[in-house]
Amino acid sequence: MHPVDLGDGVRAFFTTGAGGVSPAPWATSDGGGLNLGLNVSDDAARVATNRSLAAERLGAPVAFATQVHGDAVLELGAPERALWAADHPPASAGEGDALVTAERGLGLGVLVADCVPVLLADPEARVVGVAHAGRKGVLAGVVHRVLDALVARGADPARVRAAVGPAVCGRCYEVPGAMRDEVAAVVPETFATTDAGTPGLDLPSGVVAQLAARGVTAIRVERCTLEDPELFSHRRASAAGTTTGRQAGIIALI
Ligand SMILES: [Zn+2]
């Protein structure tokens with residue numbers, strides 16, 4: 001677990017691949033895997049156990065959405081808090097790549113394994129959000145949409161604190177040259193060259209730039225999922241011909 005300080009009354013952290021009950025390939029080098037993602041061939045009951053472990057750590061139930069690489073923002077409140085606190089919580093809060101809530105005691109989770117997890121909070125307005133920003137999400141501006149949703153709930157971008165979590169770095173994320181050009185035309189800070197000298201994308205820097213353009217300064221967790229064996233990496237697993245789990249960024253008003 002990697003805690004981040006997003007202000008008074010806010011609890012926020014990024015999970016790693018360790019600390020759960022899933023076996024390989026949904027585990028990392030540290031043993032029991034804390035795979036929080038459904039639809040990655042892991043057993044649903046184990047995922048439910050892992051999710052309750054994450055909720056215990058947070059001290060509140062955690063809601064997850066079905067992420068589709070878009071820019072839709074789901075707003076959750078008291079009814080969802082009751083749903084997710086139940087003995088048998090739902091598998092998903094619905095389709096979307098960002099969640100916001102002003103509800104105290106309801107955790108929001110964003111699932112990743114190379115894409116960029118973003119946590120946001122305005123501790124004064126008492127509103128928090130999460131976003132899943134992969135290549136398509138960065139292009140679609142999901143970070144802008146979740147900020148818009150926070151502002152609509154009373155947040156002031158000047159007060160918003162954000163954390164950009166572990167993701168694949170620009171030295172590792174190789175893409176075709178045309179794809180690099182397409183994304184960098186929209187967010188120039190994503191332009192990268194990999195260690196192999198090929199075209200790359202630096203999505204964490206792109207997300208930090210998108211936040212900065214709105215006046216939001218982000219804490220950045222400088223860990224690369226592909227290089228760090230404690231973290232799940234979709235690209236690393238695919239290259240090895242296997243699957244992997246999903247870690248999460250998690251936030252709640254407490
Ligand atoms: Zn890397």
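The values are calculated or read from the model by the stated rules, or taken from the named source; none is laboratory data. What you are looking at is a predicted structure, and each value in this text was computed from that prediction instead of being measured. Here the Cβ is made from the backbone with ideal geometry for all residues, glycine too, and neighbour counts use every protein chain on show.
One residue stands out among those in the stretch 122-146 that are among the β-branched types (V, I, T) and part of a helix (DSSP H, G or I): the one that is surrounded by the fewest Cβ atoms within 10 Å (Cβ to Cβ), which is V138. Count of the stretch 202-254 residues, restricted to those that are within 30 Å of A24 (Cα to Cα) and either touching a residue at least 24 places away in the same chain (Cβ under 8 Å) or not in a loop (DSSP other than H, G, I, E, B) (or both), is 33.
Residues are listed down the side, and each one gets a yes or a no for (1) surrounded by 19 or more Cβ atoms within 10 Å (Cβ to Cβ); (2) at pLDDT 95 or above:
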{"position": "T193", "(1), (2)": "no, yes"}
{"position": "G200", "(1), (2)": "yes, yes"}
{"position": "L203", "(1), (2)": "yes, yes"}
{"position": "V207", "(1), (2)": "yes, yes"}
{"position": "L211", "(1), (2)": "yes, yes"}
{"position": "T217", "(1), (2)": "no, no"}
{"position": "T225", "(1), (2)": "yes, yes"}
{"position": "F232", "(1), (2)": "yes, yes"}
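In summary, V100 fulfils each of the numbered conditions (1) in a strand (DSSP E or B); (2) under 18 Å from N35 (Cβ atoms) with the single exception of condition (2).
Restricting the stretch 165-190 to residues that are over 15 Å from G137 (Cα atoms) and of a type in the set (A, V, I, L, M, F, W, C), the residue that is farthest from the ligand (Cβ to nearest atom) is A178. Identify the single condition in (1) loosely packed, with under 15 Cβ neighbours inside 10 Å; (2) free of Cβ contacts under 8 Å to residues at least 40 places away in the same chain that W84 does not satisfy, given that it satisfies every other one. That leaves (1) as the condition not met.
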